[in-house]
Amino acid sequence: MLIDTPATGSTILSIQELSKRYAGGFEALKSVSLDIKAGEIIALLGPNGAGKTTLISTICGLVQPSAGRVLVAGHDITKDYRITRSLIGLVPQELTTDSFETVWNTVSFSRGLFGKAPDPAHIEKVLRSLSLWDKKDNMLRTLSGGMKRRVLIAKALSHEPRVLFLDEPTAGVDVALRKDMWAIVNELRASGVTIILTTHYIEEAEEIADRIGVINHGELILVEEKRTLMAKLGEKLLELELFETLKQVPDSLAGFDLELANEGLTLRYTFKVSQSGDNAIATLLDALRAEGIAFRDLHTSQSSLEEIFVSLLDQTAVESASESAS
Amino acid sequence: MNIYAVLAIYKFEMARMRRTLLQSIVTPVLTTSLYFIVFGAAIGSRIQEVGGVAYGAFIVPGLIMLSLLTNSISNASFGIYFPKFSGTIYEVLSAPVSTLEVVLGYVGAAASKAIILGLIILVTAAFFIELRIAHPIIMLLFIVLTALSFSLFGFILGIWADNFEKLSIVPALVITPLVFLGGSFYSTDMLPPLWQSISLMNPVLYLVSGLRWSFYEISEVNVWVSLAGVSVFLVLCLAAVYGMFRTGYRLRP
């Protein structure tokens, strides 16, 4: 079956007001809407139980949606499930493998299951790209956790999907393997595969994603280009080591967000990353010079995605608390 | 039709039989031989004939039916339950496959294994008794229909079960007693009238009786009633499986 897939940059996955309420009444997804472009890498961040896995599972057909719809390459995941599922590859969070199967057999099985004719050349290519070729005849139970994770990726790629879901791809793997995974993801992107990954590791999102979505309590509270997000919500910190102790910040500098530390020998200036282009540092330095405040050294640091993420979650917690109070 | 998916599931399930060849083939051969030694030789020496058939030969259809029922159910229930238990079911549920294709793969493999075992028992029996099959096509029809319908039943059981106890409770507490009380090793004519009437409520009696008719043309109930019964059971199981997949019962929350 030949399926037209959108060109790079146009929408390949459209999630429209998707909700999921489980039989017990738990609302795992609350009217989530999101468009994902072909060829991009989007990272979904959120704490445990936020709804990330439910979102992925619903799109892949493992969970039935309660409301809303999802289109993959313009096809509805319920009505046209054969088309949409053949375009999707899923790497689950748990290392679920058939212990007594060989790597080659389990990857070949996946290709058949997704309706593709046997293609040993493609399976070989996938196994080689994931450094699994030497292990092709090994039983899965003999592989390490990291190798099993690679096998799951190989299974998901066996039918040449256009959209790949990676649910916590580096959960529980060591740093070296995590970096290998990032390299694999970048190679996949280069081959035109759209990647949606969920992660707890902010540095992972920071390293490989083009866009970041933050999910909390079943709601997509923010979706933003990674750089824009960091610029918009991130903060920079300028620390000045002063020559002389300053007892208090002069009134003329009240317009700057300043605080004294290190018994008055360090002056800290916090400003938004988006202000960097507005000569925030130069303006402060001019003001300090006018006040006759000299410094011996300075350095700047920028808040990480992790700090942005935590502050976002804190902000939503405060907002929901004030909503319930009112 | 996603024929590649059907073949993938079927081959995957059959591979398990190859991996456990000793357990899959040698065990039923040994068990059948033991049945012949105990029931055929020991008891058969006291019960010479039943309905004009030597006792050893009389129990062959019952033995085949016992094996067909227990193996169909255990193969199919384990085949779908284990992926649920281990989590590998995610792949089948996220694949572009219809209910029919999933059923063809899993149930087809479970039934194939049961049929192979049934035929192995038949061949083993030929070493102990003089085998006579009056209606081989009807015999094959019974074997195939029984294997398919009870594999479907086992498949339902595997979807329903959420622990290993539930997986084994129905075969142990329902199927085995029904098979033993279904005339596998005796004719209901040997029972008091009350128990003869009660036996008629046992669906397995119809299967054993029908299969025995295909061998020796002796039966407790009309062979066409037996065939109709197993066909209706097959359709009911198919409808139940379809309903389970449509609603996502214990598969898709």
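Just to check, using Stokes-Einstein with a Kirkwood Rh over alpha carbon pairs, what's the diffusion coefficient of segment A:1-122 at 25 °C and 0.890 mPa s in µm²/s? Approximately 152 µm²/s, per Stokes-Einstein. Note on residue A:119 and residue A:31: the model spin-label points, each 7 Å out from Cα along the C-beta direction, lie 4.2 nm apart. A simple charge model with +1 on the Cβ of Lys and Arg, -1 on the Cβ of Asp and Glu and nothing else charged puts the dipole of the protein assembly as shown at about 2580 debye relative to its Cα centre. Using the Stokes-Einstein relation with a Kirkwood hydrodynamic radius computed over Cα pairs, the translational diffusion coefficient of chain B at 10 °C and a viscosity of 1.306 mPa s comes to 84 µm²/s.
Taking amide H as placed 1.01 Å from N in the peptide plane, residue A:19 has its amide H under 5 Å from the amide H of A:31, A:32, A:66, A:67, A:68, each at least 5 places away in sequence or on another chain.
For residue A:268 and residue A:160, the difference between the fully extended length at 0.36 nm per residue and the C-alpha to C-alpha distance is 33.6 nm. Over segment A:235-302, all Cα pairs binned in 10 Å intervals from 0 give whole-percent P(r) values of 20, 61, 19, 0, listed from short to long.
For residue A:99 and residue A:221, what is the calculated FRET efficiency with R₀ set at 41 Å and r taken between the beta-carbons, to the nearest 0.05? So the FRET efficiency works out to roughly 0.55.
Segment residue A:134..residue A:79, full-extension length gain: 15.7 nm, with 0.36 nm per residue of separation and the alpha-carbon distance subtracted.
Taking only the Cα atoms of the protein assembly as shown, the radius of gyration and Dmax are 33.3, 122 Å. Think of it as helices only: each DSSP H run of n ≥ 4 in chain A is worth -39500 (n - 2.57), and spread over all residues that comes to -10500 deg cm²/dmol at 222 nm. To the nearest ten degrees, helix A:175-190 and the longest principal axis of the Cα atoms of chain A are 70 degrees apart.
Working note: Karplus 6.51/-1.76/1.60 with θ = phi - 60° gives segment A:284-290 the couplings 5, 4, 4, 5, 5, 4, 4 Hz, where Gly and Pro are set to x. Near the amide H of residue A:94, within less than 5 Å, lie no amide hydrogens of residues on another chain or at least 5 residues away, with H placed in the peptide plane. In loop segments of segment A:12-116 as defined by DSSP, the GluC sites (Glu not before Pro) with at most 16 further C-beta atoms inside 10 Å of their C-beta are A:94. Based on the alpha-carbon gyration tensor of segment A:94-192 and its eigenvalue square roots a ≥ b ≥ c, which shape applies: rounded if a/c is under 1.5, prolate if not and a/b is larger than b/c, or oblate? Oblate, because a/c is 1.5 or more while a/b does not exceed b/c. Per residue of B:95-102, other chain Cβ atoms within 10 Å of the residue Cβ number 5 on average. Computed over segment A:130-185, the quotient of the alpha carbon radius of gyration and 2.2 N^0.38 Å is 1.11.
Phi angles of segment B:117-132 translate, via the Karplus equation with coefficients 6.51, -1.76, 1.60 and θ = phi - 60°, into HN-Hα couplings of 5, x, 5, 5, 5, 4, 5, 4, 4, 4, 6, 9, 9, 7, 7, 9 Hz per residue; Gly and Pro are given as x. Dimensions of segment B:51-142 along the principal axes, based on C-alpha atoms and rounded to the nearest Å, stand at 56, 24, 20, largest first.
Rounded to the nearest 20 debye, the dipole size of chain A about its Cα centre is 1640 debye, using +1 on the Cβ of Lys and Arg and -1 on the Cβ of Asp and Glu.
Neighbouring Cβ atoms within 10 Å as the yardstick, rank A:206, B:217 fewest first.
Going from least to most buried by this count: B:217, A:206.
The convex hull defined by the C-alpha atoms of chain A has an orientation-averaged projected area of 22.0 nm². Panel order for B:219, B:112, B:168, by other beta carbons found within 10 Å of each beta carbon, from fewest to most: B:168, B:112, B:219. Projected label points at residue A:228 and residue B:164, each 7 Å from Cα along the beta carbon direction, are separated by 5.4 nanometres. Within the shell of other residues whose beta carbon sits under 11 angstrom from the beta carbon of residue A:182, the net charge comes to -3, with Lys and Arg scored +1 and Asp and Glu -1. Taken over the alpha carbons of segment B:135-191 as equal point scatterers, the Debye sum produces base-10 log I(q)/I(0) values at 0.12, 0.16, 0.21, 0.26 Å⁻¹ of -0.42, -0.68, -0.93, -1.04.
Once the Cβ-Cβ distance of residue A:200 and residue A:67 is raised to the sixth power relative to R0 = 30 Å, the FRET efficiency obtained is 0.60. Measuring r between the beta carbons of residue A:241 and residue A:307 and using R0 = 22 Å, the FRET efficiency lands at 0.45. In segment A:11-230, the DSSP beta bridges split such that about 55 percent are antiparallel, to the nearest 5.
Rounded to the nearest whole Hz, the Karplus-based 3J(HN,Hα) values (6.51 cos²θ - 1.76 cosθ + 1.60, θ = phi - 60°) of segment A:26-40 follow the sequence 5, 9, 7, 10, 10, 6, 7, 10, 6, 10, 10, 8, 4, x, 9, with x at glycine and proline. Specify whether the C-alpha gyration tensor of segment A:63-121 places it in the rounded, prolate or oblate class, a ≥ b ≥ c being the square roots of the eigenvalues: rounded for a/c under 1.5, otherwise prolate if a/b is larger than b/c and oblate if not. Because a/c hits 1.5 or more and a/b fails to exceed b/c, segment A:63-121 counts as oblate. Choose one of A:177, A:61, B:124: the residue whose Cα lies farthest towards the positive end of the charge dipole of the protein assembly as shown (beta-carbon charges +1 Lys, Arg; -1 Asp, Glu; about the Cα centre). Farthest along the dipole direction, towards plus: B:124.
Taken residue by residue and averaged, Cβ atoms of other chains lying within 10 Å of the Cβ of A:60-69 number 3. Take each residue of peptide A:96-103, count the partner chain Cβ atoms within 10 Å of its Cβ, and average: the result is 4. Only the Cβ atoms of Lys and Arg (+1) and of Asp and Glu (-1) were treated as charged; on that basis the dipole of segment A:74-156 about its Cα centre amounts to roughly 120 debye. For residue A:234, the residues 5 or more places off, or on other chains, whose built amide H falls under 5 Å of its own are A:273.
In deg cm²/dmol and to the nearest 500, what is the mean residue ellipticity at 222 nm of chain B if only DSSP H runs of at least 4 residues count, each as -39500 (n - 2.57), divided by the residue total? Display every interim value, and only then the final one.
Numbers: 11 runs with 174 residues, N = 253.
Helix-only estimate at 222 nm: -23000 deg cm²/dmol.
Could you name the lysines whose alpha carbon sits less than 26 Å from that of residue B:166, not counting residues in the same chain fewer than 8 places away? Here the lysines satisfying the reach criterion relative to residue B:166 are B:84, B:113.
Projecting the Cα atoms of A:246, B:237, A:192 onto the dipole axis of the protein assembly as shown, where Lys and Arg carry +1 and Asp and Glu carry -1 at the beta carbon, places B:237 farthest toward the positive end.
Among A:179, A:30, the order by Cβ neighbours within 10 angstrom, fewest to most, reads A:179, A:30.
Shape of segment A:16-76 from its Cα gyration tensor (a ≥ b ≥ c, root eigenvalues): rounded if a/c is under 1.5, otherwise prolate when a/b > b/c, or oblate? Here segment A:16-76 falls in the oblate category. Counted residue by residue at 0.36 nm each, then reduced by the alpha carbon distance between them, the extension gain from residue B:11 to residue B:100 reaches 30.4 nm. Spatial offset of segment B:11-88 relative to segment A:237-286 amounts to 85 Å, using the alpha carbon center of each.
Bear in mind these aren't lab numbers, they're just calculated from the coordinates by the rules spelled out. All values derive from a computational prediction rather than experimental measurement. So basically every Cβ, Gly included, is an ideal-geometry build from the backbone, and we count neighbours across all protein chains shown.
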